[in-house]
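Report on the following structure.
The values are calculated or read from the model by the stated rules, or taken from the named source; none is laboratory data. Quick caveat: nothing in here was measured; it's all calculated off a predicted structure. We place every Cβ from the backbone using ideal geometry, glycine too, and count neighbours over all the protein chains shown. Surface areas here come from the heavy atoms of the whole protein model, side chains and all, with no ligands, DNA or RNA. Shrake-Rupley method; radii C 1.70, N 1.55, O 1.52, S 1.80 Å.
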Amino acid sequence: MFKTKTFKFIAAATFGLALSLTPAAAADKLTVLLDWYVNPDHAPLVIAKEKGFFEAHDLDVDLVAPADPSAPPRLVAAGQADIAVSYQPSIYLSVNEGLPLARIGTLVSTPLTALVALKDGPIKSIADLKGKTVGYSVAGLEDALLGTMLTDAGLKPSDVTMINVNFALSPALVAGKVDAVIGAYRNFELTQIKLEGKEGVAFFPEEHGVPIFDELIYVAHKDKLADPRLKRFLAAVEDATIYVLNHPDEAWAVFVKANPKLDDELNRTAWKDTLRHFSHAPAALDTGRYARFAQFMKDHGLIDKVEPVATYAPALP
């Protein structure tokens, strides 16, 4: 009896030791390219990484800020990264160019871009832009947004003069180089203008004839949509988003611990102004929204034809 019990004990101990020496299964690597340098727009991603939500879904995620903001979708299309943060309007352009990309989820579910003027300036309404100058950064979409807003106010695109100010939207406006700017982010530029001693006023495209759209989305290679990591990624991001919304102050502390250079008034204010724009259900898709904006892009000559929504935003298998 003693020998039997001793043997069982030794066998159990040996088995337990073997288990302890067996390496845990490694989490699946995933590379996510951001659309810009890290900022509060990326809160769910940063929190998912720092608070272990990715790890809980067996993912080891690298968040990479691009040297060239236009590059991430093309790198994903070329198979050099798994996911890119992009824009809903951009997915139509990518598909129109023949890039093998598809939207798999949403990060920011409402527009952030806006038409901004100075509150103490001559622009009290969009109609006041007649004969004035408007600064912009990127031709094409911003022309379409502004043109639609002008039409809604009874003006024509030819009633304003467009000036390319590159990405110096707020400085150009504050310095008086232009009367308004299109493409300014309502959660950043308004605060930036205030910090420079002025106050801005925003006119929102979705209130002036432009179909509502998702500002930031996740895109992946259309031939890799069956990759199980994608669904796990979206589940982790959703968990992180709920945490951010339920615990904004704690989440902010985690965010700036990971990115201490962002602990300033601009980013603190942007954090608060961005929270309400995050998609509560990143994997959810409003097909009507995507169809309407595709038609908007076609009507403004930005794409050649309107594809079925499943071409831009197919359901993950």
(Q) Nearest 5 percent is fine: what portion of the DSSP beta bridges confined to the stretch 50-184 is antiparallel? (A) 40
**Q.** Relative contact order (%) - the chain, alpha-carbon pairs under 8 angstrom, separation at least six
**A.** 26
Q | Projected label distance in nm at residue 138 and residue 250, using a 7 Å step from Cα toward the beta-carbon | A | 3.6
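First compute the accessible area of the chain with a 1.4 Å probe, then give the percent of it belonging to carbon and sulfur atoms.
Details: 8590 of 15300 Å².
Heavy-atom surface of the chain belonging to carbon and sulfur, 1.4 Å probe: 56 percent.
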**Q.** Cα centroid separation - the stretch 242-274 against the stretch 22-61, whole Å
**A.** 17
Q: Round to the nearest 10 and give me the degree value, 0 to 90, for the angle of helix 287-299's Cα axis relative to the longest principal axis of the chain.
A: 40
Q. Once the other residues with Cβ under 14 Å from the Cβ of residue 292 are scored (Lys, Arg +1; Asp, Glu -1), what is the net sum?
A. -3
Q: Compute the acute angle (0 to 90°) between the alpha-carbon long axis of helix 248-258 and the principal axis of greatest extent of the alpha-carbon atoms of the chain; round to the nearest 10°.
A: 80
Q: Quick one: among 96, 166, 187, which has the greatest mean-square fluctuation in a GNM of the chain with alpha-carbon springs under 10 angstrom?
A: 166
Q | Relative contact order of the stretch 22-179, defined on C-alpha pairs under 8 angstrom at six or more residues apart (%) | A | 19
Q | Computed helical MRE - 222 nm, the chain, DSSP H runs ≥ 4 contributing -39500 (n - 2.57), nearest 500 | A | -12000 deg cm²/dmol
Q) Once you charge only the Cβ atoms, +1 for Lys and Arg and -1 for Asp and Glu, what is the size of the charge dipole of the stretch 113-207 about its Cα centre, to the nearest 20 debye? A) 220
Q. So what's the angle, to the nearest 10 degrees on a 0 to 90 scale, between helix 265-274 and the longest Cα principal axis of the chain?
A. 80
Q) Counting only heavy atoms of protein chains, what accessible area per residue, in Å², does the stretch 113-207 have with a probe of 1.4 Å? A) 44
